[in-house]
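Input: a single structure, listed below in structure tokens.
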Amino acid sequence: MKKYRGIVVLFVFTLLFGFGCEEKNKSSSSESAGLSGTWLLEKEIVEGYDIDDGEREDWKETNVIDEEIFQFNGNTAKWYTHEKKCYEVDDTIAYKISGSRLIGSFWEGTDAEDGNVTTWSTSIEFKNNYLVMTRTEDIKEPGYESHEKITQYFKKYTGTLPPSGWPRQQCK
């Protein structure tokens, strides 16, 4: 999976931006209030498995990074990502909260095409002054299956956007 990780992550986020899902639950203002603000990624744990032609490979990685920021305001979020020579901003991410789940096409959904099915979901919790965001993704294709769980630890951030250590130029 390690050699496919970058491709899979790019593919998933492309799908997340492109497909909608029906939103059934409304968020309460108290749930949104705890999430409101700017959150800087400090650590992520990526674990899961691949089954390729019947052979299973389990994997787990821990990364300490500051290359992702979410800014939650009302029912929309901005997502800042640090790239090599620039930074990207997606400011069109809608969300609602239902219990511990983030609801919206970026946060959860299913994509099925040509016998390949990808499902993803996102949950949140607050732990020791961290916003802990857990994203799961399951991929099923003929002869291949994958499960990935990304647990990200975000700390409240009050600095400038983009942060001073990031490139000054926004990607085009």
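The values are calculated or read from the model by the stated rules, or taken from the named source; none is laboratory data. What you see is a predicted model; the values in this text were computed from it and never measured. Heads up, the Cβs are rebuilt from the backbone with ideal geometry, glycines too, and the neighbour counts pull from every protein chain shown. What goes into the accessible areas is simple: the full protein's heavy atoms, side chains included, and nothing from ligands, DNA or RNA. Shrake-Rupley method; radii C 1.70, N 1.55, O 1.52, S 1.80 Å.
For the range 68-90, which residues satisfy the criterion of being open to solvent by less than 40 Å² (accessible area, probe 1.4 Å) and of a type in the set (Val, Ile, Thr)?
Selection gives 69, 81.
In the range 129-155, which residue that is under 16 Å from the mean Cα position of the chain (by Cα), basic (Lys, Arg) and under 25 Å from residue 56 (Cβ atoms) is least open to solvent (accessible area, probe 1.4 Å)?
Selected residue: 135.
The conditions are (1) open to solvent by less than 50 Å² (accessible area, probe 1.4 Å); (2) part of a strand (DSSP E or B), and residue 126 fails exactly one of them. Which is it?
(1)
Provide a single number: the residues in the range 95-120 that are under 18 Å from residue 72 (Cα atoms) and open to solvent by 50 Å² or more (accessible area, probe 1.4 Å).
3
Please tell me if residue 65 is touching a Leu at 6+ places or on another chain (Cβ under 8 Å), of a type outside the set (S, T, N, Q), loosely packed, with under 15 Cβ neighbours inside 10 Å and more than 25 Å from residue 145 (Cα to Cα).
Spelling it out, residue 65 is indeed touching a Leu at 6+ places or on another chain (Cβ under 8 Å), of a type outside the set (S, T, N, Q), loosely packed, with under 15 Cβ neighbours inside 10 Å and more than 25 Å from residue 145 (Cα to Cα).
Can you tell me which of (1) of a type in the set (Gly, Ala, Ser); (2) modelled with pLDDT of 90 or more; (3) open to solvent by less than 40 Å² (accessible area, probe 1.4 Å) is the one residue 54 doesn't meet?
With (1) of a type in the set (Gly, Ala, Ser); (2) modelled with pLDDT of 90 or more; (3) open to solvent by less than 40 Å² (accessible area, probe 1.4 Å) applied to residue 54, the lone miss is (3).
In the set 88, 57, which member is charged (D, E, K, R) and touching a Ser or Thr at 6+ places or on another chain (Cβ under 6 Å)?
Going through 88, 57 in turn, the sole match is 88.
Condition check: at pLDDT 95 or above and either within 13 Å of the chain's Cα centre (by Cα) or on the phi < 0 side of the Ramachandran plot (or both). Does residue 108 satisfy that?
Spelling it out, residue 108 is indeed at pLDDT 95 or above and either within 13 Å of the chain's Cα centre (by Cα) or on the phi < 0 side of the Ramachandran plot (or both).
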